[in-house]
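What follows is a set of notes on a single structure, which appears directly below.
The values are calculated or read from the model by the stated rules, or taken from the named source; none is laboratory data. In this text the structure is predicted, and so the values were computed from the model without any measurement. A quick note on method: Cβ atoms are made from the backbone with ideal geometry, for glycine too, and the neighbour counts reach across all protein chains shown.
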Amino acid sequence: MYEGVVQDLIDELGRLPGVGPKSAQRIAFHLLQADPVDVKRLADVLIEVKARVKFCATCFNVSEDDQCRICRDPRRDQSVICVVEEYKDVVAIERTREFRGRYHVLGGAISPIDGIGPEQLHVKELLTRLGDGAVTEVILATDPNLEGEATATYLTRMLGPLGLRVTRLASGLPVGGDLEYADEVTLGRAFVGRQAAT
């Protein structure tokens, strides 16, 4: 335990996701030893990001404008929407350079234990987006965990009556992985999603 403001800084840093007590302490002491100009620049950026960044009115991705750059891009395929849990998932998919459609960020996944149901997610807004008939396919790109599966199952049932093509991302074995360490679900999906060898 440290005194006063130093402990307050460690406590606040420890509230960040993925930052444990030891990491919080290391970051705090790094900031204490850093040049004041560097610390001020960090503080200014934190304040500015909270003031300027908002969520896209269409897809709920992060943006500094009312619409994100993807929703504003006329070259993106408007007939395909990829549904993701969080905006960081948009970045991960964009890095692949394989998807040229649009996105819809749910803002989380269904998790009854955490009190998160469909009402807390942007499901209603997704259904509104699909109402004009421009979208022909919805790709469900939720995380391959219990909450992501529950969310994908719920959305599949909701979207089924709309007559859209609803697809899931293929899942299977990671490159460099060993079969003996794969769980049954992952290995099973690898078999179901197998493709012709090229």
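Taking into account only those residues within the range 1-16 that are exposed (fewer than 13 other Cβ atoms within 10 Å of the Cβ) and more than 18 Å from L42 (Cβ to Cβ), which is modelled with the lowest pLDDT?
Here the residue is M1.
Evaluation of D132 against the conditions (1) surrounded by fewer than 10 Cβ atoms within 10 Å (Cβ to Cβ); (2) farther than 20 Å from T58 by Cβ shows that the sole unmet condition is (2).
Taking the condition of being out of contact with any helix residue (DSSP H, G or I) (no Cβ under 7 Å at 6 or more places or on another chain) and among the aliphatic types (A, V, I, L, M), how many residues in the range 3-18 meet it? Before you say what the answer is, go through the steps one by one.
Step one: filter the range 3-18 for residues out of contact with any helix residue (DSSP H, G or I) (no Cβ under 7 Å at 6 or more places or on another chain), giving 3-5, 7-8, 11-12, 15-18.
Okay, now just the ones that are also among the aliphatic types (A, V, I, L, M), so 5, 16.
Number satisfying all stated conditions: 2.
Going residue by residue through the range 158-165, is there one that turns out to be closer than 18 Å to E85 by Cβ and surrounded by 12 or more Cβ atoms within 10 Å (Cβ to Cβ)? Taking every residue of the range 158-165 in turn, at least one turns out to be closer than 18 Å to E85 by Cβ and surrounded by 12 or more Cβ atoms within 10 Å (Cβ to Cβ).
The helices (runs of 4 or more DSSP H) located wholly in the range 119-198 that include 3 or more residues which are over 25 Å from G101 (Cβ atoms) occupy 184-192.
Of all residues in the range 76-92, those being in a loop (DSSP other than H, G, I, E, B), more than 17 Å from the chain's Cα centre (by Cα) and surrounded by 15 or more Cβ atoms within 10 Å (Cβ to Cβ) number 1.
Can you confirm whether the range 93-110 contains a residue that is modelled with pLDDT under 95, out of contact with any helix residue (DSSP H, G or I) (no Cβ under 8 Å at 6 or more places or on another chain) and crowded, with 16+ Cβ neighbours inside 10 Å? Yes: one or more hits. Using the structure shown, decide if Q33 is within 30 Å of T156 (Cα to Cα) and of a type in the set (S, T, N, Q). The answer is no for Q33.
Of the residues making up the range 92-137, not one is on the phi > 0 side of the Ramachandran plot and among the β-branched types (V, I, T).
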